[in-house]
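Okay, structure first, notes after.
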Amino acid sequence: MPLPILKNYNVPHFSEERVIEGAKSLPITFDVTFNPDNRTMPVVLFCHGFKGFKDWGPWHLVAKAMAEAGYFFVKLNFSHNGVDSRDLSDITDVEAFGNNNFSLELDDLGLLVDWLVNDNEEYRHYIDTDNINLIGHSRGAITGLLKTLEDPRIQRMITWAGAFNIKKFVELEEDSTWRDRGYATVENGRTKDVYHIGYQFKQDYLDNEARLNLQAQIKNLDQPLMLIHGDDDAVAPISNSEKIHQAIQHSLYLKLEGSHTFGASHPWTGEVLPEDLEDVVNETIEFIGLD
């Protein structure tokens, strides 16, 4: 049975937004949320998905639940995700969005882990730098899995409605059309905005396939891995998690009720998590555990 989310609202919480320099000198904006009465807490680092961002929907309630459970929770905006650090409510920097790629996201994660482990003074006594865990939602699962493969500082990886086929994203457009026009187009299903993704995105994959080919590397992942997928996911097929589970025999695969966002939407005006997402958080808390 999953552990219940702690709902003692008398538990003190501290949440602060921080900014560090990310890939190509663009900012990585991130939040830290934790109980300041605790010490040496495991770190849980949350990676948003494609067209996602740290302040989407009820992610702030996920942060609060994880802090209540005893974790030092960090959620970030990748430097090129299109959310301007001066306006965190939606994607407005379409130039940055169009210049994003997987290598930049991996570099961002490395810079943030470096900061947590080596550079920050304010939170050093709160965190256990030998217990860093990643959560990746949707396309964030691809970035998280790739970073877990290349960075031994990551102790556990959890995917929520994870994508797996990285080539789906580098085949958004027929190659000659994408190259000649210079960009592929993608629509934001929520806002109906159409974004341009530069050909550099595909070129980055072609130039760095040894680093980015997740399908070829996944069998080498040694860290504990949990795969959580909703049974009604119309965005990232549940077969993604099934394929990863087949490749990683030691992984824990959970098929839960829920959509791609487990009942969440943006903006989220409620004061509690949707039930399906609460189940996901419960399972994640139990999987990471507290020593």
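Quick look at the numbers
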{"item": "Given (1) assigned to a helix (DSSP H, G or I); (2) more than 17 Å from the chain's Cα centre (by Cα); (3) touching a residue at least 40 places away in the same chain (Cβ under 8 Å); (4) closer than 23 Å to ILE288 by Cβ, number of the condition VAL117 does not satisfy", "result": "(3)"}
{"item": "Residue in the range 121-142 that is within 29 Å of GLN200 (Cβ to Cβ), basic (Lys, Arg) and over 13 Å from the mean Cα position of the chain (by Cα) present", "result": "no"}
{"item": "Scan of the range 223-250 for residues that are exposed (fewer than 13 other Cβ atoms within 10 Å of the Cβ) and either modelled with pLDDT under 95 or within 16 Å of ILE135 (Cα to Cα) (or both), ordered by number", "result": "GLN249"}
{"item": "Any hit, the range 252-263, residues being in contact with a helix residue (DSSP H, G or I) (Cβ under 9 Å, 6 or more places away or on another chain), at negative phi, assigned to a loop (DSSP other than H, G, I, E, B) and surrounded by fewer than 20 Cβ atoms within 10 Å (Cβ to Cβ)", "result": "yes"}
{"item": "Enumeration of residues in the range 264-291 that are crowded, with 18+ Cβ neighbours inside 10 Å and polar (S, T, N, Q)", "result": "ASN282, THR284"}
{"item": "Residue within the range 91-98 that is of a type in the set (Val, Ile, Thr) and without any contact (Cβ under 8 Å) to a residue 60 or more places away in the chain present", "result": "yes"}
{"item": "Subset of the range 20-52 that is surrounded by fewer than 21 Cβ atoms within 10 Å (Cβ to Cβ) and under 17 Å from ASN118 (Cβ atoms) - its residue that is farthest from the chain's Cα centre (by Cα)", "result": "THR40"}
{"item": "One residue from GLY98, GLY82 being within 18 Å of the chain's Cα centre (by Cα) and modelled with pLDDT of 95 or more", "result": "GLY82"}
{"item": "Yes/no for ASN165 being among the polar types (S, T, N, Q), more than 25 Å from PRO42 (Cα to Cα) and at pLDDT below 95", "result": "yes"}
{"item": "Test: residue in the range 174-196 that is farther than 15 Å from ASN101 by Cβ, of a type in the set (A, V, I, L, M) and at pLDDT 95 or above", "result": "yes"}
{"item": "The range 191-222, subset polar (S, T, N, Q) and touching a residue at least 40 places away in the same chain (Cβ under 8 Å), residue surrounded by the fewest Cβ atoms within 10 Å (Cβ to Cβ)", "result": "ASN220"}
{"item": "Criterion violated by VAL235 - all others in (1) under 19 Å from the mean Cα position of the chain (by Cα); (2) part of a helix (DSSP H, G or I); (3) under 22 Å from VAL170 (Cα atoms) satisfied", "result": "(2)"}
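Residue by residue, here is whether (1) modelled with pLDDT under 95; (2) over 19 Å from GLN155 (Cβ atoms); (3) in contact with a Leu (Cβ under 7 Å, 6 or more places away or on another chain) holds:
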{"residue": "ILE5", "(1), (2), (3)": "yes, yes, no"}
{"residue": "ASN35", "(1), (2), (3)": "no, yes, no"}
{"residue": "MET41", "(1), (2), (3)": "no, no, no"}
{"residue": "TRP59", "(1), (2), (3)": "no, yes, no"}
{"residue": "LEU116", "(1), (2), (3)": "no, no, no"}
{"residue": "ASP119", "(1), (2), (3)": "yes, yes, no"}
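The values are calculated or read from the model by the stated rules, or taken from the named source; none is laboratory data. Note that the structure is predicted; figures quoted are calculated from it, not measured. No Cβ is skipped: glycine too gets one built from the backbone with ideal geometry, and neighbour counts run over all protein chains shown.
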